[in-house]
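First the structure, in the form of structure tokens, and then the observations on it.
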Amino acid sequence: DAYVWALTQEHQTLNIGDFCNECGNCQTFCPTAGAPYRDKPKVYLSKASFDAETSNCWYLDAATATLWTRFDGQAWALSQRGNRFRLSTPILDAELDGKSLALVGEATGKGTGVVSMRNVIAMAVLHEALSASALYVPAAV
């Protein structure tokens, strides 16, 4: 089946996990639909704070252009190298075209299972957004 992934709101909100106590106050004032503490990507400012979480956690290592996340408790990484991405999941390592996300070359299997392109698309979109915003995001101390 074809799957369409669309951003339907002009502005998107994310949650900075290091500052969130999940009180729900952001839901009251959020200019977009949803509750950021629950529905939006929870971005962490350091690898250590990311490593302490098990779900809905994202971390951009700006020095290596690598976005880390977890799906079902398993770490995934997406690194940008020029106009290509390097995807690493518990199941495979693959090189992807930076625009179409099509497989470029060979994929190396590491296990059995399915890699959801929905997850890969979400990672690519967040990688682009966070990379563009990295200069404005406070660094963890």
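Each Lys and Arg contributes +1 and each Asp and Glu -1, all at the Cβ; summed about the Cα centre of the chain, the dipole is approximately 100 debye.
The 3J(HN,Hα) values that the Karplus relation (6.51, -1.76, 1.60; θ = phi - 60°) gives for the range 86-102 are, in residue order, 10, 9, 10, 10, x, 9, 7, 10, 8, 9, 10, 5, x, 9, 8, 6, 6 Hz. Gly and Pro appear as x.
With respect to the chain, whose longest principal axis is taken over its alpha-carbon atoms, helix 117-133 is tilted by about 60°. For the chain, the solvent-accessible area of protein heavy atoms averages 63 Å² per residue (probe radius 1.4 Å; ligands and nucleic acids excluded). Estimated from helices alone, the mean residue ellipticity of the chain at 222 nm is -6000 deg cm²/dmol (sum of -39500 (n - 2.57) over DSSP H runs with n ≥ 4, per residue). For log10 I(q)/I(0) by the Debye sum over Cα atoms at q = 0.16, 0.22 Å⁻¹, pick the label among (1) -0.86, -1.33; (2) -0.91, -1.53; (3) -0.96, -1.31 that corresponds to the value derived from the coordinates. Recomputing log10 I(q)/I(0) by the Debye sum over Cα atoms at q = 0.16, 0.22 Å⁻¹ here gives the entry labelled (2). Note on the chain: with a GNM built from Cα contacts shorter than 10 Å, the maximum mean-square fluctuation among Leu45, Leu130, Leu92 falls on Leu92.
Considering only beta bridges that DSSP places wholly inside the range 1-97, some 85 percent are antiparallel. On the chain, 52 percent of the accessible area sits on carbon and sulfur atoms, based on a 1.4 Å probe. Modelled label positions at Thr13 and Ala48, each set 7 Å beyond Cα in the direction of Cβ, lie 3.0 nm from each other.
The values are calculated or read from the model by the stated rules, or taken from the named source; none is laboratory data. All of these numbers come straight from a predicted model, not from anything done at the bench. Glycine also receives a Cβ, built like all others from the backbone with ideal geometry; neighbour counts cover every protein chain displayed. For the accessible areas, the whole protein counts, side chains as well, though only heavy atoms, and no ligand, DNA or RNA atoms are used. Shrake-Rupley method; radii C 1.70, N 1.55, O 1.52, S 1.80 Å.
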